[in-house]
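These notes concern the structure reproduced below.
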Amino acid sequence: MMGVNRLGEVMKGGRLLARSACRLLMPALALLAAPLHAQEPDTTVLTGGMLISGLSVPPLHDATIVVRGERIVEVGPAAEVAIPEGARIIDTSGQTMMPGLIDAHAHLFMVGYGSEAHWFEWLEGEGSHYSIEQIMELSGYQMLMSGVTGAIDLGGNAVESVSLRNRIDAGTVPGPRLQVSGPLVTRRAFGGFPDDASAVLSSPKEGVEIVNRLHRTGVDVIKLHAGLTRDDYFAIVEAAHANGMKVHAHLYDEPALRNAIDAGVDVFQHVGSAGMPTYSDEIVKEVAASYRPIVLTAAHRSWIYPDTVAFPERLQDPAAKALFPADIWEAIQHSFEEWPSEAYFSRIDRQIAFRSPQVKQWIASNAVMGVGTDSGTPMNFNHDGLIREMKVLVDEGMSPLEVIRDTTRVNAQIMGMRDIGTIEPGQYADIIVVPGDPVYAELNNLFSVQVVMKGGVIYKLDGAPTIPLPF
Ligand SMILES: [Zn+2]
Ligand SMILES: [Zn+2]
């Protein structure tokens, strides 16, 4: 009946242009498709490689993981785990098995185009045969093929975000397990983004109304953005918590962080990527003592920019090209022609000057740390943003195992999902296999993930996708 209702909505919108009707119809048809796991065998065994479980224990060598249906049922040394009869066997010898990666700050409606505002202009004009929801679906595909099996989308259109999350959960489209915030809750609309991606308030009372409305729309979390007053923070956090939703706040400066701490914000996003001197010791200690997680989003701008200056060829990477429809690839190539002068990078010199002291300050604080990317922003691609972020944390002093733990188990805790983020019996089988030893290779091997399994379904095998680009 659901499909009929969706089609009914399309009929009702008969005044819409044919193109818009098409945009609505495609997800409706996808709803009628069979779940992707319909053909999967019941039991799969991954065996022979090293296991990084996501728990704070040393890796296990020559390990075996048994997956039945969508869950892990047994994990241990290969010599001690019996392989069930009839199981599909994936030989992981000489490789590393680890939990699927989770991005604690993504924007699936962007794909790394050289300018945020021009991206949405392109989507309104030349690229208008793509809906926002289709772009999100493309990003989800790119993430999944790169080993990202979970993500929190912190800023987008509510209806499209909720729809995509539900279709991924139903198993009808590929993508990471999603939590979505829908629009930025803010005092000023975010210039260049679609109107639906900002929810603008002019009083704390309006902030509460926005939170209640978003909760009814079905979003998972609230994303606070810029310019909010202290009273806004208190009113919005109280309303979100009353609805059982966590609040993620977009924070750069210390006064905003102060308000967010006092009001009870659950996750502090972007701290440590401010392009300004380090925070006071007092506030950093307070955040660390609160056990409330920070998500630095350090690599976007501050590392992506100089890395792209040093190796602009990364923008033409054939591995990236394979993850885009030809016309979007052509459009983003065009968008890179002017990128160093893009307004997004107008404060890049200060951001680079302060990047390392800020990140080091938070690492030294031992604050609980999730790992997120702000992916989709200029040159910050969905397929490599998370691995770049992880590498920055290693370069600035964390061990690869600590960073893997934060990108898997800690991010799962931030999502409030206890059954992902580690490889243990009972967990969802969200598992990736990477060549060699990512610890020794300081995570570089994550760039060439060989196997991606989510909920027991294999999306990538022997380094190749098992399903095609969505369109
Ligand atoms: Zn943000
Ligand atoms: Zn963001």
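The values are calculated or read from the model by the stated rules, or taken from the named source; none is laboratory data. Owing to the predicted nature of the structure, the values given are computational and were not obtained by experimental measurement. Cβ coordinates were reconstructed from backbone atoms using ideal geometry, including for glycine residues, and neighbour counts include every protein chain displayed. SASA here: full protein model, heavy atoms, side chains in, ligands and nucleic acids out. Shrake-Rupley method; radii C 1.70, N 1.55, O 1.52, S 1.80 Å.
Carbon and sulfur atoms: what percent of the 1.4 Å accessible area of the range 66-142 do they account for?
Heavy-atom surface of the range 66-142 belonging to carbon and sulfur, 1.4 Å probe: 46 percent.
In the full protein context, the range 185-306 carries 39 Å² of accessible surface per residue, based on a 1.4 Å probe and ignoring ligands, DNA and RNA.
Quick one: of the DSSP bridges fully inside the chain, what percent are antiparallel, nearest 5? The partial results should precede the final answer.
Working: 26 of 57 bridges.
Given both bridge residues lie in the chain, the antiparallel proportion sits at roughly 45 percent.
First compute the accessible area of the range 381-471 with a 1.4 Å probe, then give the percent of it belonging to carbon and sulfur atoms. Walk me through the numbers before you get to the answer.
Working: 1520 of 3110 Å².
For the range 381-471, the apolar C and S fraction of the accessible surface comes to 49 percent.
Between residue 353 and residue 464, the simple spin-label model (points 7 angstrom out along Cα→Cβ) gives 5.2 nm.
The length gained by stretching the chain between residue 79 and residue 346 to full extension, at 0.36 nm per residue less their Cα-Cα distance, is 90.4 nm. Shown for the chain: lysine pairs separated by 8 or more places, or found on different chains, whose C-alpha atoms are under 24 Å apart, numbering 12. Counting only Cβ charges, +1 for Lys and Arg and -1 for Asp and Glu, the dipole size of the chain around its Cα centre is about 880 debye. Placing unit charges on each Cβ (+1 for Lys and Arg, -1 for Asp and Glu) gives the chain a dipole about its Cα centre, and among 311, 420, 49 the Cα reaching farthest toward its positive end belongs to 420.
How much length is gained on full extension from residue 121 to residue 241, taking 0.36 nm per residue of separation minus their Cα-Cα distance?
On the way: separation 120, 0.36 × 120 = 43.20 nm, distance 3.59 nm.
Length gained between residue 121 and residue 241: 39.6 nm.
Using just the helices of the chain, give the 222 nm mean residue ellipticity in deg cm²/dmol: DSSP H runs with n ≥ 4 each add -39,500 (n - 2.57), and the total is spread over all residues, rounded to 500.
Working: 16 runs with 168 residues, N = 471.
Computed mean residue ellipticity for the chain: -10500 deg cm²/dmol.
Roughly speaking, what is the stretch gain from residue 62 to residue 444, that is 0.36 nm per residue apart minus the C-alpha to C-alpha distance, in nm to one decimal? Write down the numbers at each step before the final one.
Values: separation 382, 0.36 × 382 = 137.52 nm, distance 2.15 nm.
Extra length available between residue 62 and residue 444 comes to 135.4 nm.
Residues 181, 93, 198, sorted by accessible area with the largest first, give 93, 198, 181 [1.4 Å probe; ligands and nucleic acids excluded].
Over the range 332-374, accessible surface divided per residue gives 48 Å², non-protein components excluded, 1.4 Å probe.
Per residue, the convex hull spanned by the Cα atoms of the range 156-307 amounts to 132 cubic angstrom. Projected label points at residue 128 and residue 226, each 7 Å from Cα along the beta carbon direction, are separated by 2.9 nanometres.
Reported to the nearest whole Å, the Cα centre-to-centre distance from the range 160-223 to the range 231-292 is 19.
Each 5 Å bin, from zero up to the one with the longest distance, holds this percent of the alpha carbon pairs of the range 335-429: 2, 12, 16, 20, 19, 13, 8, 5, 2, 1, 0.
For Cα pairs less than 8 Å apart in space and 6+ apart in sequence, what is the mean separation divided by the residue count of the chain, i.e. the relative contact order in percent? Show your work: numbers first, answer last.
Numbers: 989 pairs, mean separation 94.2, N = 471.
For the chain, the relative contact order is 20 percent.
Could you tell me what fraction of 2.2 N^0.38 Å the Cα radius of gyration of the range 101-420 comes to, as a two-decimal ratio? Walk me through the intermediate numbers first.
Values: Rg = 18.2 Å, N = 320, 2.2 N^0.38 = 19.7 Å.
Normalised by 2.2 N^0.38 Å, the Cα Rg of the range 101-420 equals 0.92.
Taking the 1.4 Å solvent-accessible surface of the range 206-363 as the whole, the part contributed by carbon and sulfur is 54%. Rounded to the nearest 20 debye, the dipole magnitude of the range 265-362 is 400 debye, with +1 charges on Lys and Arg beta carbons, -1 on Asp and Glu beta carbons, and the Cα centre as origin.
Classification of the range 182-262 by its C-alpha gyration tensor yields an oblate form. The axis ratio a/c (a ≥ b ≥ c) is 1.5 or more, and b/c is at least a/b.
Taking 7 Å steps out from each Cα toward its Cβ at residue 313 and residue 424 produces label points 4.4 nm apart.
May I ask which residue of 244, 351, 227 lies farthest towards the positive end of the charge dipole of the range 101-420, with charges of +1 (Lys, Arg) and -1 (Asp, Glu) on Cβ and the Cα centre as origin? The listed residue farthest towards the positive side: 244. For a modelled paramagnetic label at residue 291, 7 Å from Cα along Cα-to-Cβ, the residues of the range 248-268 in reach, with backbone nitrogen under 15 Å, are 266-267.
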